[in-house]
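Trainee: Quick one: this structure, given as structure tokens, is what I'll be asking you about.
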Amino acid sequence: MDQFLAHPELWLAGAVAMAGLALASAFFSASETALFFLSHDELRTMRAGPPRERIAAALLADPERLLTAVLFWNLVVNLTYFAASVVVTQRLARAEQNSAAALFTLAALFGLILFGEVLPKSVAAYFQRGLAAWVSLPLAATVRALDPLLPLLRRITLLARRTFWPHLVREPALHAADLERAVEASRASAEVVRQERQVLHNILDLSEIPVEEVMRPRGTYLVFTPPVRLADLRGEVPAGDYLILKAPDSEEFAGAIPLADRASFPQQGFEQGAEEIVHVPWCAKLAYVLQLLRDRFCSVASVVNEYGETVGIVTYEDIIDTALVSDPSRTRRILQREPVLEESLGVFLVEGITTLRYLCRRLGIPHEPGSENWVTVAGMLSEELEQLPEVGDACTWRGRRIEVVEVAGRGRIRVRISPVSDE
């Protein structure tokens, strides 16, 4: 050991370089863990946060590009680290310090594993959000530096896959019947199985339900043109916990402000915390909209009709509620009351914005969309009456009489549904 310390010119420069490379390896290892440990909700919040958080969320918008860059630079750093350790080991061996050379090699190996991989990953897993914001700026620079090589790396990956795994194919998706059998094979109680089956049906229905059946129609949410001040809310929390921003001199939505994620509110400048809004057609299925919101780390989608006009919005929470609640109802979410009330035996009071799908489920009759593609009770009445419904208007539907008993504002009605009498 004395001989080793007496000749620092053999190992000091290499040890300093290796220490710097170990720090670089720790940076990339911690960055990978911190960014990919972020939850979907954290990323949605970070998109409207400080600049560093927005950069981190933007990097994860293309996770394949980010992961390729992190692994590439981490591999370069580690190879350089071991190359430096080999040079130092050879110098010690030529100076006939074989024991020191062997110990230095072992220390270099375990030092990189401990301080370049294990320790930074453990710390990053615990402080992922703060660390992700801190590393976002230098990491973005390294990712951009690799962009010219990414097409070549993708071609090499594709060539290797076709050469060594030519028969690698995507596994087929599970069918609904497979999921049904999995639930029925569960050893849980009958009540638990019933609840699991209902949630499973709700999830499968996401691929069939159009977004217009779940969206919040115009007039049920607040829309402001920037700038927005706290006084504009008049002490009220908007329905759905979102504040929608409209572009100046336009009817198009420019952003959404999630109020439920805020611990405090500025007196003015609300729009600084706005996040992006995606646009979907009224006929899009909920499964597609949910996937789009998750891929874009957004919370709100605006629903447009065939003329490009915005007819409503749907939030991430609305879709999750539709999937996980045993008896989901858009009317209950918007009006904060039950959509269907049983007034007497076989007679029900129903809100006009209640969907026919929900009404059929409550009445115990099969839902069969007609050629008119009616969505709500109010829409069906308007089509049948060919005018805006008024108190006393009535029609028949599926062997039942539907009578308007209350009209409150444009399009907001309540009806009474009863069996058709013998007369």
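Trainee: Peptides 147-154, 244-251, 129-136: what's the order by average Cβ count within 10 Å, highest mean first?
Mentor: Ranked from most to least packed, the peptides come out as 129-136, 244-251, 147-154.
Trainee: Another one. Scan around LYS246 for amide H atoms under 5 Å from its own, H built in the peptide plane at 1.01 Å from N, and keep only partners 5 or more places away or cross-chain.
Mentor: PHE224, THR225, ALA254
Trainee: Over region 83-127, give the accessible area per residue in Å² for a 1.4 Å probe, as an integer.
Mentor: Using a 1.4 Å probe on heavy atoms only, each residue of region 83-127 averages 62 Å².
Trainee: For region 1-149, give the magnitude of the charge dipole about the Cα centre (Cβ charges: +1 Lys/Arg, -1 Asp/Glu; no others), in debye to the nearest 20.
Mentor: The calculation lands at about 300 debye.
Trainee: Give the peptides 158-167, 396-405, 296-305, 80-89 in descending order of average Cβ contacts within 10 Å, highest first.
Mentor: Result, highest mean first: 296-305, 80-89, 396-405, 158-167.
Trainee: Then there is this: Calculate the dipole size of region 300-353 relative to its Cα centre from +1 charges on Lys and Arg beta carbons and -1 charges on Asp and Glu beta carbons; express the result in debye to the nearest 20.
Mentor: That gives region 300-353 a dipole magnitude of about 80 debye.
Trainee: On a full-extension model of 0.36 nm per residue, what is the gain between LEU222 and GLU338, subtracting their alpha-carbon distance, rounded to one decimal in nm?
Mentor: 39.5 nm
Trainee: Taking R0 as 56 Å, what's the FRET efficiency between GLU252 and ALA125 from their Cβ-Cβ distance, rounded to 0.05?
Mentor: So the FRET efficiency works out to roughly 0.85.
Trainee: Between the alpha-carbon centers of region 30-68 and region 70-101, tell me the distance in whole angstrom.
Mentor: 34
Trainee: Same structure, new question: Can you compute the modelled spin-label distance between GLN291 and ALA394, with each label point 7 Å from Cα toward Cβ, in nm?
Mentor: If labels sit at GLN291 and ALA394, their model points lie 4.7 nm apart.
The values are calculated or read from the model by the stated rules, or taken from the named source; none is laboratory data. In this text, all values refer to a predicted model and were calculated from it rather than measured experimentally. Cβ coordinates were reconstructed from backbone atoms using ideal geometry, including for glycine residues, and neighbour counts include every protein chain displayed. When the accessible area is computed, the model is the full protein with side chains, heavy atoms only, and any ligands, DNA or RNA have been set aside. Shrake-Rupley method; radii C 1.70, N 1.55, O 1.52, S 1.80 Å.
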